[in-house]
Each structure stands twice: as C-alpha cells, then as structure tokens.
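Participant: Okay, handing you the structure first.
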Amino acid sequence: MELVAGSYEQVLFGFTVQRGPAKSGHQETWTPVADFTHHSHTASLSVLASNSRYVVSGSKDETIHIYDMKRKVEHGALVHHAGTVTCLKFHGNQHLISGAEDGHICIWDVKRWKCLKTFKAHRGHVTFLSIHPSGKLALSVGTDKTLRTWNLIEGRSAFIKNIKENAHIVEWSPSGGKYIVVVQNKVDVYRLGTASVSGTITNGKRISSVTFLSDSVLAVAGDEEVVRIFDCDSLECLCEFRAHENRVKDMVSFEVPDHHVLVTASNDGFIKMWTLPQDKKVPPSLLCEAKTGARLTCLTVWLDRAANGMASLPPAAEPCPDQPKTIEKESGDTVQEETSEPNSEKSDVSGDSKQPTKGNSPVTAKKRKMATMS
C-alpha cells in the first residue's frame, strides 16, 4: 500500500504504509514510511489517479506523467493536452480517461499509452469527470455550465444538461444508481432513472473533495479543517470531525480486510489515514499520519494487488457523423448529441524512465529531450 500526494511545490511524495500486528489490548499499528519524492513536473500538481500497476499525475504544466509503481520508475509522459490537466480516471487496467482546461477528454490505451480517441467535451474547461461502474458511460462538467453524458461504447456525446452554475465535481455512486454534482458548497443528488435532483446537501464552505463511503453515504471536505459525512437519502449529516489544521484538499476511501479506510490530504502538509466504524454516526479514528512539509493539492492510494475481475472500457468506436442529432428535450434543459473529433492515432508517450529519488528531499527538475513515438 502506498500513499501518493502531489503539491503546489511540484513535488510528488510517496509513503509505504507498513501494518504491524496488534498487541494485547491495542489496535493494529499502521506506519507510513517515506519511500520516494519525485520532481518531474515544472508546475504544481493538480490531479492523481492509480490502478493496480501505475500512478499518473496531471499538472498545470499541461503534461501527464506515468509512474510504474511495481518497478518504482517513471515510465514516461503524455503530452497531448494543451492546458492544465484537471481530471484523470482509470477504469480497470486497460484504459485511462483524462480531461483538461483545453476542453478535451482523451481515452488512452494503458498497454501502449496510445490516445485512442479525443472528444471536444466542453466549450470551456473540463473541470471533472467520472466513469460509470459499468464502463459504458461517463459524466463530465465544465465551465460552460453543462453536465454532459458520454457514451463510451460508441465514443460519442449522448446528452447535454444545462445547469445554472459552473459545477466543479461530478461523481457516480459505487452501484451507479445515482450521481452527485457539486456547485460551490452544495451537493445535488441525482437519480439515474429520472436524471432529476432528488435532494441537496449543503456544506459549510466551498467543497474541495467528495468520496462515497457506500452507495448512500458520502464524505465531504471543503475549504476548512472539518470533514462531514452525509446520508444521500435522508440528506442528514451523520457526523463531522476535525481532520487537519488547514483546509482539506483531497480524500480517498478504500476497503481492506478488517478496515474501511478514509485518507485525507491538506494544505497543512499532512496525509492522514482514518478507520471508519460501521456506524457512520461515530467519527473515525486516526490510524496514522505522514508529514510532507509541502502544501498538498491531490492524493491517491496505490494498492499492490491483482486486479482480478476488474472491468475495462469497451473499445473506442469510429468518429461520430458530421452532423449532430437533436434528441427529445428534458423539461427546461437542452439535450442533444454532439459531433466529436476524429480519433488520435499517435502515441503521446515521451521521455525516458527515471528512478524516483528515495528519501524526503525533492529532486531538482532536469530538462529532458522529449521524443514522440508512434
């Protein structure tokens, strides 16, 4: 298990979590040990994602860097986007989807690191995207005040829903039966069957991160030190706890035997791991914490385990027809299909593999000759 966090200072931090046996009368011990720091980006890191083999990082320098976590080397960089990389999502071990401020969403073949397809997704920035658990659909939000549904089987836009403000987070529930859209300090809960808002959760301050703890329980962090846990059905705040000394920037949740874990990262420089009780009305207990000394911006957890039974995205289809099609309108919302751009056939992997540096000191960034391979 590896905690990986990015920072404003352009540094990527990795901590291996060592689990010790429980002593009589005490709980199991979890200890984060500094594993590596890496300074491959030339601007602050904006987003991280992981699957069973790789961690990828997106940055304001418009690149995506790939790290092979099993070999502990940098695998290369993807240079397809022309703006800050704002979102990265793996689906299984075969595909990665990226979005950026250039308004594009890209689907990548992870085996060859080849861009299979590029969508002009939004007229403004792509601010967030989420893949349905089936791998057939994706949702994205952007600065054009739209929520867009993508048919990943056919490789085209399916529906467009106008929203009143710029949403900055969208997320499917684990079962895919509902999804949430975040605007400022409010979370709108949508049902998949009706595509309408079933309720709204209001947080204290602007929301910076959300993560589903179950199909109906949501952890919410904002521009404050507190994390709140809400029930998406009753819209009730089940509990809240002070997680950090500064605003919480990102959260990840996962389950391992005997533990349901929530991980938080903050501008105060700490990564903290919490164990969640079965009764979500009881605040979680701190398992361990790691100090980076940097202002953290994003977080992921790499779990070294086989991805047996994990689904993958269906292959990208041919480009859409030249003319967009208009579909039946929803009440008050424009709903239509859009034309996507042609497939991108080139590989965007560049740079040589580099060994991340052990210890706590950042590595000086080196200029590298970028070679594009087909």
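Participant: Which numbered condition in (1) closer than 25 Å to residue 215 by Cα; (2) surrounded by fewer than 22 Cβ atoms within 10 Å (Cβ to Cβ) is the only one that residue 299 fails?
Facilitator: The failed condition is (2).
Participant: Consider residue 245 against the criteria (1) over 21 Å from the mean Cα position of the chain (by Cα); (2) closer than 22 Å to residue 45 by Cβ; (3) in a strand (DSSP E or B): it satisfies all of them except one. Which criterion is unmet?
Facilitator: Only one criterion in (1) over 21 Å from the mean Cα position of the chain (by Cα); (2) closer than 22 Å to residue 45 by Cβ; (3) in a strand (DSSP E or B) is unmet by residue 245, namely (3).
Participant: Of all residues in segment 122-157, count the ones that are more than 19 Å from residue 190 (Cβ to Cβ), in contact with a strand residue (DSSP E or B) (Cβ under 8 Å, 6 or more places away or on another chain) and open to solvent by 10 Å² or more (accessible area, probe 1.4 Å).
Facilitator: Residues that pass the stated criteria total 5.
Participant: Also, quick follow-up: Being open to solvent by 10 Å² or more (accessible area, probe 1.4 Å) and either more than 18 Å from residue 130 (Cβ to Cβ) or touching a Pro at 6+ places or on another chain (Cβ under 8 Å) (or both) is the filter here; which residues of segment 102-114 pass it?
Facilitator: Of everything in segment 102-114, those that are open to solvent by 10 Å² or more (accessible area, probe 1.4 Å) and either more than 18 Å from residue 130 (Cβ to Cβ) or touching a Pro at 6+ places or on another chain (Cβ under 8 Å) (or both) turn out to be 102, 109, 111, 112, 114.
Listed here are the residues, each with its yes/no results for (1) in a loop (DSSP other than H, G, I, E, B); (2) surrounded by 15 or more Cβ atoms within 10 Å (Cβ to Cβ); (3) out of contact with any Ser or Thr (no Cβ under 9 Å at 6 or more places or on another chain).
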{"site": "189", "(1), (2), (3)": "no, yes, no"}
{"site": "201", "(1), (2), (3)": "no, yes, yes"}
{"site": "210", "(1), (2), (3)": "no, yes, yes"}
{"site": "214", "(1), (2), (3)": "yes, yes, no"}
{"site": "220", "(1), (2), (3)": "no, yes, no"}
{"site": "228", "(1), (2), (3)": "no, yes, yes"}
{"site": "235", "(1), (2), (3)": "yes, no, no"}
{"site": "249", "(1), (2), (3)": "no, yes, no"}
{"site": "262", "(1), (2), (3)": "no, yes, no"}
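Participant: Same structure, new question: Would you kindly identify the strands (runs of 3 or more DSSP E) lying entirely within segment 31-93 that contain at least 3 residues that are surrounded by fewer than 22 Cβ atoms within 10 Å (Cβ to Cβ), modelled with pLDDT of 95 or more and in contact with a helix residue (DSSP H, G or I) (Cβ under 6 Å, 6 or more places away or on another chain)?
Facilitator: Because the criterion is at least 3 residues that are surrounded by fewer than 22 Cβ atoms within 10 Å (Cβ to Cβ), modelled with pLDDT of 95 or more and in contact with a helix residue (DSSP H, G or I) (Cβ under 6 Å, 6 or more places away or on another chain), no strands (runs of 3 or more DSSP E) in segment 31-93 meet it.
Participant: Restricting to segment 163-173, count the residues that are open to solvent by less than 50 Å² (accessible area, probe 1.4 Å) and acidic (Asp, Glu).
Facilitator: Here the count works out to 1.
Participant: A follow-up question, please. Within segment 133-183, how many residues are closer than 20 Å to residue 86 by Cβ and either among the acidic types (Asp, Glu) or part of a strand (DSSP E or B) (or both)?
Facilitator: 25
Condition check ((1) modelled with pLDDT under 95; (2) under 16 Å from the mean Cα position of the chain (by Cα); (3) under 14 Å from residue 7 (Cα atoms)) across all residues:
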{"site": "262", "(1), (2), (3)": "no, yes, no"}
{"site": "272", "(1), (2), (3)": "no, no, no"}
{"site": "298", "(1), (2), (3)": "no, yes, yes"}
{"site": "307", "(1), (2), (3)": "yes, no, no"}
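Participant: Also: Which residue pairs have Cβ atoms under 6 Å apart, sit 6 or more places apart or on different chains, and have a first residue in segment 110-132 that is in contact (Cβ under 8 Å) with a residue 60 or more places away in the chain and a second that is crowded, with 21+ Cβ neighbours inside 10 Å and of a type in the set (Phe, Trp, Tyr)?
Facilitator: Sorted first by the residue in segment 110-132, then by its partner, the pairs are 115/108.
Participant: Of the residues in segment 257-281, how many are in contact (Cβ under 8 Å) with a residue 60 or more places away in the chain and within 20 Å of residue 14 (Cα to Cα)?
Facilitator: Adding up the residues that qualify gives 4.
Participant: Please give the number of the condition residue 160 fails out of (1) in contact (Cβ under 8 Å) with a residue 40 or more places away in the chain; (2) open to solvent by 20 Å² or more (accessible area, probe 1.4 Å).
Facilitator: (2) is the only condition that residue 160 fails.
The values are calculated or read from the model by the stated rules, or taken from the named source; none is laboratory data. Bear in mind that the values here come from a model prediction, so they are computed numbers and not experimental data. Ideal geometry is used to build each Cβ from the backbone, glycine not excepted, and the neighbour counts take in all protein chains shown. These accessible areas exclude ligands, DNA and RNA; they are computed on the full protein's heavy atoms, side chains included. Shrake-Rupley method; radii C 1.70, N 1.55, O 1.52, S 1.80 Å.
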